[in-house]
Amino acid sequence: MPIRTASARWQGNLTEGSGTIRTGKGGYEGNYSFKSRFEEGEGTNPEELIGAAHAGCFSMAFSKGLADSGFTPTSVQTTASVHLDKTDAGMTVTRIDLETVGEVPGIDPETFQKLAEAAKANCPISRLLSPGAEITLNASLSV
């Protein structure tokens, strides 16, 4: 398997400095700052990128699990809300809430939920993050 890379460059001090984050193959480049991370400023932040990685990984794992069980999804749309909280150890990602909606012809709600939970437990990013952060899942079938 290939090794994936990303890079970041930060200039200046923590509160007034700024930086850029870039994926290795140039698929994404964005600005980040203290305000985009800890307030509501323009730009991205590491937690959003973790959320994007988790939502993407989960959606792919869920789609595979559905297809492996005989249900080819039309779509799987996932949002990951990453909670960054101050703890005794310092700023910590404490929880990630996955919210997913699947358009899956022919599946019953119980099987859908079972496969969603399996994807949550088994996607590589969930496995990476779950020892330190609670991961919740709200999965629903589109109407």
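The values are calculated or read from the model by the stated rules, or taken from the named source; none is laboratory data. The structure presented is a predicted model; accordingly, all values stated were derived computationally and were not measured. Calculation scope for accessible area: heavy atoms of the full protein, side chains included, ligands and nucleic acids excluded. Shrake-Rupley method; radii C 1.70, N 1.55, O 1.52, S 1.80 Å.
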Using the heavy atoms of the protein chains and a 1.4 angstrom probe, tell me the accessible area per residue for the range 22-143 in square angstrom.
59
Looking only at 124, 105, 73, which one moves most when the chain is put into a Gaussian network model with springs between Cα atoms under 10 Å?
105
Under 5 Å between amide H atoms, partner at least 5 residues away or on a different chain: which partners does residue 137 have, H built in plane at 1.01 Å?
98
Can you list the HN-Hα couplings for the range 116-132, worked out from phi with the Karplus curve (6.51, -1.76, 1.60; θ = phi - 60°), rounded to whole Hz and with x for Gly and Pro?
5, 4, 5, 5, 4, 6, 10, 5, x, 6, 4, 5, 5, 8, 5, x, x
Computed over all unlike Cα pairs, the Kirkwood hydrodynamic radius of the chain in Å stands at 16.7
HN-Hα J in Hz across the range 101-111 - Karplus 6.51, -1.76, 1.60, θ = phi - 60°, x for Gly and Pro
10, x, 9, 9, x, x, 8, 8, x, 5, 5
What accessible area, in Å² to the nearest ten, does a 1.4 Å probe give for residue 22?
100
Report, ordered by chain and residue number, the aspartates and glutamates lying within cross-link reach of residue 114, taken as a straight Cα distance under 16 Å and ignoring same-chain residues fewer than 8 apart.
68, 99, 103
Amide H contacts under 5 Å for residue 41, restricted to residues at least 5 apart in sequence or on another chain and with H modeled in the peptide plane, are 36
Sorted by accessible area with a 1.4 angstrom probe, largest first, how do 54, 83 fall?
83, 54
Just to confirm the number: angle between the C-alpha axis of helix 46-68 and the first principal axis of the chain, 0 to 90 degrees, nearest 10?
20
Per residue of the range 30-37, in order, report the coupling 6.51 cos²θ - 1.76 cosθ + 1.60 (Karplus, θ = phi - 60°) as ³J(HN,Hα) in whole Hz, putting x for Gly and Pro.
x, 8, 9, 7, 4, 5, 6, 9
On the accessible surface of the chain, probed at 1.4 Å, how many percent belong to carbon and sulfur atoms?
52
